[in-house]
Amino acid sequence: MSSKVEKRIVVDVPVSSAYNQWTRFEDFPQFMGGVESVTQLSAGRLKRVAHIAGVRRQWETTIVEQIPDRRIEWASTEGATNSGAVEFSDAGGNRTELSLTVEYQPEGIVEKVGDDGTLPPLGGGLGDR
């Protein structure tokens, strides 16, 4: 059984700045809690390492859809099963609303018990409020 988590935040930067930060995949550990590393393997292909419910997981993803300043969608191709999307919308006053959706398959008892439907802190390096 898969789990789905959704989170929305407003950050104090224009849409283009928020989008550009999200396309610097290697910077994810600076603003997304639990992310250890992201390595770009090729155009549209990434290796991600994160701690999920205290368990270190790694997986590869492919960018499924990328619409500049609007949306980035991905799906795993190897390792931990997950997919997701982040959408960017103008919140006025040079602020951006980010809507993040992640679907994943908890693995093992620790992740299943620890699956409380939350995401780690998001947006710390983007001026979130």
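The values are calculated or read from the model by the stated rules, or taken from the named source; none is laboratory data. Bear in mind the structure is a predicted one, so any value in this text is a computation, not a measurement. For neighbour counting, all protein chains shown are included, and Cβ atoms are generated from backbone atoms with ideal geometry for every residue, glycine included.
Provide a single number: the residues in the range 53-94 that are in contact with a Lys or Arg (Cβ under 8 Å, 6 or more places away or on another chain), at pLDDT 95 or above and either on the phi > 0 side of the Ramachandran plot or charged (D, E, K, R) (or both).
3
If I ask for residues that are over 21 Å from Pro68 (Cβ atoms), in a strand (DSSP E or B) and touching a residue at least 40 places away in the same chain (Cβ under 8 Å), which ones from the range 1-49 would you list?
Ser3, Lys4, Val5, Glu6, Lys7, Val35
List pairs: first in the range 71-100 and farther than 29 Å from Val55 by Cβ and without any contact (Cβ under 8 Å) to a residue 24 or more places away in the chain, second charged (D, E, K, R) and part of a loop (DSSP other than H, G, I, E, B), Cβ under 9 Å, 6+ apart or cross-chain?
What qualifies is Gly93/Asp12.
I'm trying to understand the selection: among the residues of the range 35-64, which are loosely packed, with under 13 Cβ neighbours inside 10 Å and either among the small types (Gly, Ala, Ser) or in contact with a His (Cβ under 6 Å, 6 or more places away or on another chain) (or both)?
Ser42, Ala43, Gly44, Gly54
Which count do you get for residues in the range 68-99 that are in contact with an Asp or Glu (Cβ under 9 Å, 6 or more places away or on another chain), more than 19 Å from Leu41 (Cβ to Cβ) and surrounded by fewer than 15 Cβ atoms within 10 Å (Cβ to Cβ)?
Here the count works out to 5.
Report, by residue number, each residue of the range 23-47 that is basic (Lys, Arg), touching a strand residue (DSSP E or B) at 6+ places or on another chain (Cβ under 6 Å) and under 24 Å from Lys7 (Cβ atoms).
Going through the range 23-47, the residues basic (Lys, Arg) turn out to be 24, 45, 47.
Filter once more, keeping what is touching a strand residue (DSSP E or B) at 6+ places or on another chain (Cβ under 6 Å): 45, 47.
Of everything in the range 23-47, just one residue is basic (Lys, Arg), touching a strand residue (DSSP E or B) at 6+ places or on another chain (Cβ under 6 Å) and under 24 Å from Lys7 (Cβ atoms), namely Lys47.
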